[in-house]
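Below: one structure, written as structure tokens.
The values are calculated or read from the model by the stated rules, or taken from the named source; none is laboratory data. These numbers come from a predicted model, not from an experiment. Positions of Cβ are backbone-derived with ideal geometry, glycine not excepted, and every protein chain shown enters the neighbour counts.
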Amino acid sequence: MNQATREQTHFGFETVASSEKAGKVMEVFSSVAYKYDMMNDVMSLGMHRLWKRAFIAKAVLPKGGKALDVAAGSGDIAIGLLNKSKRQARVILTDLNGPMLHEGARRVLDEGMLSGTADCIQADGSKLPFADNSFDLLTIAFGIRNFVDVPMGLSEFYRVLKPGGQFMCLEFSKPVLPMLDVLYDAYSFNVIPTMGEKITGDRQSYQYLVESIRRFPDQERFKTWIEQAGFGLVRYDNMTGGVVAMHRGYKI
């Protein structure tokens, strides 16, 4: 890989300087933060709630344990983990985007969970401000494809997990059922940006979100990246015919 290639990355289908991508992603999520949950319900026909419920069901967070939810967004995963643990664990929400983290903090507060059970810290997921071996569980849902450097992020996740800690990632992936990819593409490119325009007044951000999904590696390639970061016992489960995949691994 030459120097020019290393200094470039993708922003959807557009090639941009690596130094520019984080700012562009920030603009996207700052724009959609206030209607993020509504759009998730509309775009996925409510399926994102089922995907997240299954994801939380597989999470292992011991009593008195500590979890980090990266790219925490509006707080769905953190709230689910705290409910599952009966608030006998601690969850830190982190997100690079201030407006998104504000939404997450607001929802956690509405659930009465912030005092003693949750913290919200604005941080870059690929440069986490936490010590080595800090967490029993690390989760990220629908966020890692927006990283400038995904392998760097995975290495950071490995670093901050305790030995034996669980890494979990929920992300859009590649449909595996016959013809589902054709239907999915037609829906994604023709319907979702139009929904974004009508509901949020922002077609461009949702065009990027669709394109970012298509640029993300398929299930097997991403599994390899997780293994290369040092994780063991790596596996994935396809959901909704591979539209979404749940990846899991352990620091062993």
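Points worth noting:
- Output for region 48-58, where each listed residue is surrounded by 15 or more Cβ atoms within 10 Å (Cβ to Cβ) and out of contact with any helix residue (DSSP H, G or I) (no Cβ under 6 Å at 6 or more places or on another chain): W51, F55
- Qualifying positions in region 117-127 - at pLDDT below 90 and buried (at least 20 other Cβ atoms within 10 Å of the Cβ): A118
- On inspection, F130 passes the criterion of being under 20 Å from F147 (Cβ atoms), of a type in the set (F, W, Y) and at pLDDT 90 or above.
Condition check ((1) modelled with pLDDT of 95 or more; (2) buried (at least 21 other Cβ atoms within 10 Å of the Cβ); (3) touching a Cys at 6+ places or on another chain (Cβ under 8 Å)) across all residues:
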{"residue": "L101", "(1), (2), (3)": "no, yes, yes"}
{"residue": "L109", "(1), (2), (3)": "no, no, no"}
{"residue": "S115", "(1), (2), (3)": "no, no, no"}
{"residue": "S134", "(1), (2), (3)": "yes, no, no"}
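- Residue match in region 88-101 (condition: in a strand (DSSP E or B), under 17 Å from Y250 (Cα atoms) and among the acidic types (D, E)): no
Conditions (1) under 20 Å from the mean Cα position of the chain (by Cα); (2) loosely packed, with under 14 Cβ neighbours inside 10 Å; (3) farther than 30 Å from P163 by Cβ; (4) in contact (Cβ under 8 Å) with a residue 40 or more places away in the chain, marked per residue:
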site: M179; (1), (2), (3), (4): no, yes, yes, no
site: S188; (1), (2), (3), (4): yes, no, yes, no
site: R221; (1), (2), (3), (4): yes, yes, no, no
site: T240; (1), (2), (3), (4): yes, no, yes, yes
site: A245; (1), (2), (3), (4): yes, no, no, yes
site: Y250; (1), (2), (3), (4): yes, no, no, yes
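- In region 144-157, residue nearest to the chain's Cα centre (by Cα) [restricted to those that are at pLDDT 95 or above and within 16 Å of Q219 (Cα to Cα)]: I144
- Unique residue being within 22 Å of K35 (Cβ to Cβ), of a type outside the set (A, V, I, L, M, F, W, C), modelled with pLDDT under 95 and touching a helix residue (DSSP H, G or I) at 6+ places or on another chain (Cβ under 8 Å) when the list is Y206, Y187: Y206
- So D41, is it touching a helix residue (DSSP H, G or I) at 6+ places or on another chain (Cβ under 8 Å) and without any contact (Cβ under 8 Å) to a residue 24 or more places away in the chain: yes
- Residues that are charged (D, E, K, R) and at pLDDT below 95, drawn from region 50-71: K63
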